[in-house]
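Visitor: Below you will find the structure I want to go over with you.
The values are calculated or read from the model by the stated rules, or taken from the named source; none is laboratory data. Every value quoted in this text rests on a predicted model; they were computed, and no experiment measured them. Glycine also receives a Cβ, built like all others from the backbone with ideal geometry; neighbour counts cover every protein chain displayed. Heavy atoms of the whole protein, side chains included, go into the accessibility calculation; ligands, DNA and RNA do not. Shrake-Rupley method; radii C 1.70, N 1.55, O 1.52, S 1.80 Å.
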Amino acid sequence: MQLFSTLSRTRETFTIPTDRPVTLYVCGVTPYDTTHMGHARTFIVFDVLVRYLQWQGATVRYCQNVTDVDDPLFERARRDGVRWDELAERQIAQLRADCAGLNILPPTFFPRVSEEVGAMIPIIERLIELGHAYVVDGNVYFSIQTDPDFGRMARMGYDELLAIANQRGNNPADPNKRDPLDFVLWQRGNPDEPKWESPWGLGRPGWHIECSAMSQRYLGEQIDIHGGGADLIFPHHSCEIAQSESATGKRPFARFWMHVGLVWLDGEKMSKSLGNLVFVRDVLQIHHPDAIRWYLLSEHYREEFDYRREAVGRYEQYAADVRNALSLPSGTHSPLDLSRGCNDVIAEMNNDLNTPAVLATLHAMAGLIIDAAEEGRDVSAAQATVRDLALMLGFTLR
């Protein structure tokens, strides 16, 4: 199987291990505005990856976190006049319901940051001990100057890295920092925020350390695949690499980095800050989950996706054609052989999850079944093949 790794910017061969599970970590949501179509696309892509690996006989240990300790969540809770943990609980329940509605398999592990802080403190202590982090007034920072490869996955110069980090929560004017790009591992919390005991006083973890801690706890110090949205390449995933490899001394932290292209809405980036979100719960009231899945997989996962509200309906017929093909009675004449189509699907799945080509082949196979059934041919084996492939792609077929 060939997968494109963001770190190397090349397609590399991914071989399913025979002596252990495949380990997969995907960055999840900050639960204050869930679940929108950008979330849905990312989680559906990795759902297909998990299903395909399982279809190939692999066992997959899949960890997806919930960032329920973060500034945007606290800000929304203040705005709405609710407790931060109540808001998080409500949004996590919505996320679970939305994913179930889209037929997304639950991850093996679904940890929350608020329950995992104890696993982060030893890693921070190790980074301080090794000289990769420093303490100032109850705050702990990672020193990027101690990692000569810092930011290598982003492939940008220092000024561009700093500009992007500043857009995504970095405070370059923090007087405690030795370098404006140094990032927070531990911080003193505000009075109305949750706080935990630590060697540096009451406080809470920074954004990046959480994923290093949870991936290590649930999957090990080195993992097979780490994924998320393309907006996480920098700073989040780049900081994860720096702190994980610095703490463990093991490289690579992740063998493959997979990033899903961002979702736009009618030509404009879909984002919480712009307020132009399309929520899964609303779309599920209008469209069949198979049509939504087909639509979100109709472009290659690495490409940006321009979501058009009116476009989803066009994919209802594609999904219906497959269900129709599987419901037709089989005849007794010459059996229909779809082995070539099955081989084409496997080849395109192995081609960096080329789901647009896979879906085109699946639809063509359904059409062949419909035509053959009308001619009285035996389509039972062909139907079994298409059903197997459709379920592997996560369609409900209901």
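Visitor: Can you tell me how many residues within the stretch 43-65 are open to solvent by less than 20 Å² (accessible area, probe 1.4 Å), out of contact with any helix residue (DSSP H, G or I) (no Cβ under 7 Å at 6 or more places or on another chain) and not aliphatic (A, V, I, L, M)?
Guide: Number of matching residues: 3.
Visitor: What strands (runs of 3 or more DSSP E), lying completely within the stretch 136-255, carry at least 2 residues that are under 26 Å from the mean Cα position of the chain (by Cα), closer than 22 Å to Arg126 by Cα and of a type in the set (A, V, I, L, M, F, W, C)?
Guide: 183-187
Visitor: To continue, here is another question. Looking at Leu24, Leu73, which is the one that is surrounded by 21 or more Cβ atoms within 10 Å (Cβ to Cβ) and in a helix (DSSP H, G or I)?
Guide: Every option except Leu73 fails the conditions.
Visitor: Of everything in the stretch 256-285 that's in a strand (DSSP E or B) and surrounded by fewer than 16 Cβ atoms within 10 Å (Cβ to Cβ), which residue is modelled with the highest pLDDT?
Guide: For the stretch 256-285, the residue satisfying everything is Glu268.
Visitor: Please work out if Ala372 is over 25 Å from the mean Cα position of the chain (by Cα) and over 18 Å from Glu316 (Cβ atoms).
Guide: The answer is yes for Ala372.
Results for (1) out of contact with any Asp or Glu (no Cβ under 9 Å at 6 or more places or on another chain); (2) polar (S, T, N, Q), shown as yes or no for each residue.
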position: Leu3; (1), (2): no, no
position: Thr13; (1), (2): yes, yes
position: Arg20; (1), (2): yes, no
position: Ala40; (1), (2): no, no
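Visitor: Which members of the stretch 91-105 meet the condition of being in contact (Cβ under 8 Å) with a residue 12 or more places away in the chain and either crowded, with 21+ Cβ neighbours inside 10 Å or part of a helix (DSSP H, G or I) (or both)?
Guide: The answer is Gln91, Ile92, Gln94, Leu95, Ala97, Asp98, Cys99, Gly101, Leu102, Ile104.
Rundown of residues vs (1) of a type in the set (Lys, Arg); (2) open to solvent by less than 20 Å² (accessible area, probe 1.4 Å); (3) at pLDDT 95 or above, yes/no style:
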residue: Met153; (1), (2), (3): no, yes, yes
residue: Lys177; (1), (2), (3): yes, no, yes
residue: Glu193; (1), (2), (3): no, yes, no
residue: Trp196; (1), (2), (3): no, no, yes
residue: Pro205; (1), (2), (3): no, yes, yes
residue: Glu210; (1), (2), (3): no, yes, yes
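Visitor: Let me confirm something: among Ser238, Ser215, Ser244, which residue is open to solvent by less than 30 Å² (accessible area, probe 1.4 Å), hydroxyl-bearing (Ser, Thr, Tyr) and closer than 27 Å to Val280 by Cβ?
Guide: After ruling out the rest, the residue left standing is Ser215.
Visitor: Tell me the residue from Asp19, Asp68 that is out of contact with any Cys (no Cβ under 6 Å at 6 or more places or on another chain), part of a loop (DSSP other than H, G, I, E, B), of a type in the set (Asp, Glu) and open to solvent by 10 Å² or more (accessible area, probe 1.4 Å), please.
Guide: On inspection, the qualifying residue turns out to be Asp19.
Visitor: Looking only at residues that are out of contact with any strand residue (DSSP E or B) (no Cβ under 7 Å at 6 or more places or on another chain) and open to solvent by less than 50 Å² (accessible area, probe 1.4 Å) in the stretch 117-145, which one is farthest from Cys211 (Cα to Cα)?
Guide: Val136
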